[in-house]
Amino acid sequence: ELRPALSKDEALAEANRCLFCHDAPCMRACPTHIDVPLFIRQIATNNPGGAARTILQANILGASCARVCPTEVLCEGACVLTDQHRPIQIGPLQRHATDHAMAVKQPILTAGPKQPGSVGIIGACPAGLACAAELLRLGYESVIYEAAERPGGLNASGVAQYKMTPEVAQAEVDWLVSAGVNIRCGVS
(Lines give C-alpha, C1' and ligand atoms only; values in the text may rest on other atoms or scores of the structure.)
Protein backbone atom coordinates (compact mmCIF):
# COMPACT_ATOMS: atom_id res chain seq x y z
CA GLU A 1 0.00 0.00 0.00
CA LEU A 2 1.08 3.53 -0.74
CA ARG A 3 0.29 4.70 2.80
CA PRO A 4 0.18 1.79 5.25
CA ALA A 5 -2.10 1.85 8.27
CA LEU A 6 -0.93 3.59 11.42
CA SER A 7 -0.61 1.56 14.58
CA LYS A 8 -2.54 2.75 17.64
CA ASP A 9 0.61 4.32 19.09
CA GLU A 10 1.52 5.99 15.79
CA ALA A 11 -2.02 7.38 15.46
CA LEU A 12 -1.95 8.75 19.03
CA ALA A 13 1.46 10.36 18.49
CA GLU A 14 0.38 11.89 15.17
CA ALA A 15 -2.93 13.15 16.56
CA ASN A 16 -1.12 14.81 19.44
CA ARG A 17 1.00 16.84 16.98
CA CYS A 18 -2.15 18.66 15.78
CA LEU A 19 -2.57 22.28 16.86
CA PHE A 20 -6.40 22.09 16.60
CA CYS A 21 -6.50 25.42 14.77
CA HIS A 22 -9.60 27.50 15.52
CA ASP A 23 -9.93 28.51 11.85
CA ALA A 24 -9.12 24.95 10.64
CA PRO A 25 -7.65 25.48 7.16
CA CYS A 26 -7.62 21.68 6.78
CA MET A 27 -11.39 21.58 7.21
CA ARG A 28 -11.94 24.38 4.69
CA ALA A 29 -9.76 22.51 2.18
CA CYS A 30 -11.76 19.27 2.54
CA PRO A 31 -14.41 18.91 -0.18
CA THR A 32 -16.69 17.13 2.33
CA HIS A 33 -15.88 19.59 5.16
CA ILE A 34 -15.15 16.88 7.72
CA ASP A 35 -14.51 18.43 11.14
CA VAL A 36 -10.83 17.48 11.02
CA PRO A 37 -9.77 19.08 14.33
CA LEU A 38 -12.61 17.30 16.13
CA PHE A 39 -11.90 13.84 14.73
CA ILE A 40 -8.17 14.24 15.40
CA ARG A 41 -8.88 15.34 18.98
CA GLN A 42 -11.10 12.25 19.36
CA ILE A 43 -8.22 10.04 18.23
CA ALA A 44 -5.84 11.89 20.57
CA THR A 45 -8.19 11.12 23.47
CA ASN A 46 -8.32 7.43 22.49
CA ASN A 47 -11.81 7.60 20.98
CA PRO A 48 -11.43 6.22 17.43
CA GLY A 49 -15.11 5.24 17.33
CA GLY A 50 -16.14 8.84 17.99
CA ALA A 51 -13.66 9.98 15.34
CA ALA A 52 -15.25 7.57 12.85
CA ARG A 53 -18.73 8.94 13.68
CA THR A 54 -17.48 12.49 13.04
CA ILE A 55 -15.95 11.46 9.71
CA LEU A 56 -18.94 9.40 8.55
CA GLN A 57 -21.44 12.15 9.36
CA ALA A 58 -19.75 14.29 6.70
CA ASN A 59 -18.58 11.53 4.35
CA ILE A 60 -20.20 8.11 4.50
CA LEU A 61 -17.40 6.71 2.31
CA GLY A 62 -14.70 7.97 4.67
CA ALA A 63 -12.85 4.65 4.67
CA SER A 64 -12.20 4.71 0.93
CA CYS A 65 -11.57 8.45 0.87
CA ALA A 66 -8.91 8.02 3.56
CA ARG A 67 -7.01 5.89 1.06
CA VAL A 68 -7.64 7.59 -2.29
CA CYS A 69 -8.24 11.27 -1.55
CA PRO A 70 -5.30 13.50 -2.62
CA THR A 71 -4.88 14.77 0.95
CA GLU A 72 -1.41 16.13 0.20
CA VAL A 73 -3.00 18.88 -1.92
CA LEU A 74 -6.24 19.26 0.07
CA CYS A 75 -6.40 19.04 3.88
CA GLU A 76 -2.76 18.13 4.49
CA GLY A 77 -1.69 20.73 1.93
CA ALA A 78 -3.56 23.37 3.93
CA CYS A 79 -2.13 22.28 7.31
CA VAL A 80 -0.34 25.13 9.09
CA LEU A 81 2.52 22.76 9.96
CA THR A 82 3.39 22.27 6.27
CA ASP A 83 5.90 25.14 6.16
CA GLN A 84 7.61 24.56 9.50
CA HIS A 85 7.73 20.80 9.92
CA ARG A 86 5.52 18.35 8.12
CA PRO A 87 1.74 18.40 7.89
CA ILE A 88 -0.44 16.24 10.10
CA GLN A 89 -1.11 12.90 8.38
CA ILE A 90 -4.85 13.49 8.12
CA GLY A 91 -5.56 10.73 5.58
CA PRO A 92 -3.84 8.01 7.64
CA LEU A 93 -5.57 9.27 10.79
CA GLN A 94 -8.93 9.09 9.01
CA ARG A 95 -8.07 5.56 7.89
CA HIS A 96 -7.14 4.64 11.48
CA ALA A 97 -10.55 5.75 12.74
CA THR A 98 -12.64 4.19 9.96
CA ASP A 99 -10.67 0.92 9.96
CA HIS A 100 -11.26 0.67 13.71
CA ALA A 101 -14.99 1.28 13.25
CA MET A 102 -15.24 -1.37 10.50
CA ALA A 103 -13.23 -3.87 12.55
CA VAL A 104 -15.56 -3.57 15.55
CA LYS A 105 -18.63 -3.41 13.30
CA GLN A 106 -19.62 -0.02 14.67
CA PRO A 107 -23.04 1.07 13.35
CA ILE A 108 -22.37 3.29 10.35
CA LEU A 109 -25.60 5.31 10.28
CA THR A 110 -29.05 5.48 11.77
CA ALA A 111 -32.19 5.40 9.66
CA GLY A 112 -34.47 8.37 10.08
CA PRO A 113 -38.21 8.19 10.69
CA LYS A 114 -39.86 6.26 7.86
CA GLN A 115 -41.00 8.47 4.99
CA PRO A 116 -43.56 7.56 2.30
CA GLY A 117 -42.43 6.32 -1.08
CA SER A 118 -39.16 4.88 -2.29
CA VAL A 119 -36.32 5.88 -4.57
CA GLY A 120 -34.56 3.93 -7.30
CA ILE A 121 -30.85 4.67 -7.70
CA ILE A 122 -28.93 3.67 -10.81
CA GLY A 123 -25.46 2.32 -10.05
CA ALA A 124 -23.79 1.03 -6.88
CA CYS A 125 -20.85 3.33 -7.45
CA PRO A 126 -19.60 5.74 -4.77
CA ALA A 127 -22.22 8.36 -5.71
CA GLY A 128 -25.07 5.81 -5.67
CA LEU A 129 -23.91 4.37 -2.34
CA ALA A 130 -23.63 7.83 -0.77
CA CYS A 131 -27.06 8.80 -2.11
CA ALA A 132 -28.64 5.65 -0.64
CA ALA A 133 -27.00 6.33 2.72
CA GLU A 134 -28.26 9.92 2.83
CA LEU A 135 -31.78 8.81 1.87
CA LEU A 136 -31.66 6.19 4.63
CA ARG A 137 -30.65 8.89 7.14
CA LEU A 138 -33.70 10.87 6.03
CA GLY A 139 -35.98 7.83 6.37
CA TYR A 140 -36.52 7.01 2.70
CA GLU A 141 -36.35 3.49 1.35
CA SER A 142 -34.20 3.10 -1.72
CA VAL A 143 -32.94 0.37 -3.98
CA ILE A 144 -29.67 0.65 -5.86
CA TYR A 145 -29.80 -1.12 -9.23
CA GLU A 146 -26.36 -2.22 -10.40
CA ALA A 147 -25.68 -3.85 -13.78
CA ALA A 148 -22.43 -5.46 -12.63
CA GLU A 149 -22.34 -8.58 -10.49
CA ARG A 150 -20.51 -6.73 -7.71
CA PRO A 151 -21.22 -3.30 -6.24
CA GLY A 152 -18.65 -0.58 -5.65
CA GLY A 153 -18.05 0.94 -9.07
CA LEU A 154 -14.61 2.49 -9.51
CA ASN A 155 -13.78 1.93 -5.84
CA ALA A 156 -13.96 -1.82 -6.48
CA SER A 157 -12.44 -1.96 -9.95
CA GLY A 158 -10.83 1.33 -10.96
CA VAL A 159 -8.56 2.36 -8.09
CA ALA A 160 -4.94 1.25 -8.20
CA GLN A 161 -4.52 -1.54 -5.68
CA TYR A 162 -1.54 0.14 -4.02
CA LYS A 163 -4.07 2.77 -2.85
CA MET A 164 -7.09 0.58 -2.09
CA THR A 165 -7.85 -3.07 -2.69
CA PRO A 166 -11.19 -4.38 -3.95
CA GLU A 167 -11.56 -6.14 -0.58
CA VAL A 168 -11.57 -2.80 1.25
CA ALA A 169 -14.16 -1.44 -1.20
CA GLN A 170 -16.32 -4.55 -0.64
CA ALA A 171 -15.98 -4.26 3.15
CA GLU A 172 -17.24 -0.68 2.95
CA VAL A 173 -20.20 -1.78 0.79
CA ASP A 174 -20.96 -4.62 3.22
CA TRP A 175 -20.89 -2.09 6.08
CA LEU A 176 -23.47 0.04 4.26
CA VAL A 177 -25.65 -2.99 3.52
CA SER A 178 -25.57 -3.94 7.20
CA ALA A 179 -26.89 -0.44 7.95
CA GLY A 180 -29.87 -0.95 5.64
CA VAL A 181 -28.72 0.07 2.14
CA ASN A 182 -30.46 -2.20 -0.41
CA ILE A 183 -28.49 -3.21 -3.54
CA ARG A 184 -29.64 -5.42 -6.42
CA CYS A 185 -26.76 -6.49 -8.65
CA GLY A 186 -27.04 -7.92 -12.15
CA VAL A 187 -29.91 -5.56 -13.05
CA SER A 188 -29.66 -3.46 -16.23
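The values are calculated or read from the model by the stated rules, or taken from the named source; none is laboratory data. Source: prediction; values computed, not measured. Here Cβ is always computed from backbone atoms with ideal geometry, including for glycine, and neighbour counts include all displayed protein chains. These area figures cover heavy atoms from the full protein model, side chains too; ligands, DNA and RNA do not enter into them. Shrake-Rupley method; radii C 1.70, N 1.55, O 1.52, S 1.80 Å.
What the table shows:
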quantity: His100 accessible area, assembled protein chains, probe 1.4 Å, Å²; calculated: 70
quantity: Positive-pole candidate from Ala58, Leu74, Ala171, dipole of the chain, charges at beta carbon; calculated: Ala58
quantity: Solvent exposure, largest accessible area first (probe 1.4 Å, DNA, RNA and ligands not counted), of Cys185, Cys79; calculated: Cys185, Cys79
quantity: At 1.567 mPa s and 4 °C, Stokes D of the stretch 108-183 from Kirkwood alpha-carbon radius, µm² per second; calculated: 103
quantity: Carbon and sulfur %, accessible surface of the stretch 38-188 computed with the full protein complex present, 1.4 Å; calculated: 56
quantity: Test item: Cα-centred dipole of the chain, Lys/Arg +1 and Asp/Glu -1 on Cβ, debye; calculated: 240
quantity: Per-residue HN-Hα couplings for the stretch 125-130 [Karplus 6.51, -1.76, 1.60; θ = phi - 60°; Hz; x = Gly/Pro]; calculated: 8, x, 5, x, 5, 5
quantity: Residue-span extension gain [His33 to Lys8] - 0.36 nm each, minus C-alpha spacing; calculated: 6.5 nm
quantity: Average accessible surface area per residue within the chain, 1.4 Å rolling probe, Å²; calculated: 50
quantity: Cα centre as origin, Lys/Arg/Asp/Glu Cβ charges: the stretch 93-185 dipole, Debye; calculated: 140
quantity: In Hz, Karplus ³J(HN,Hα) per residue of the stretch 59-67 (6.51, -1.76, 1.60; θ = phi - 60°; x = Gly, Pro); calculated: 8, 4, 9, x, 5, 6, 5, 4, 9
quantity: DSSP loop GluC sites (Glu not before Pro) with at most 15 other Cβ within 10 Å excluded, longest remaining stretch of the chain; calculated: 73-148
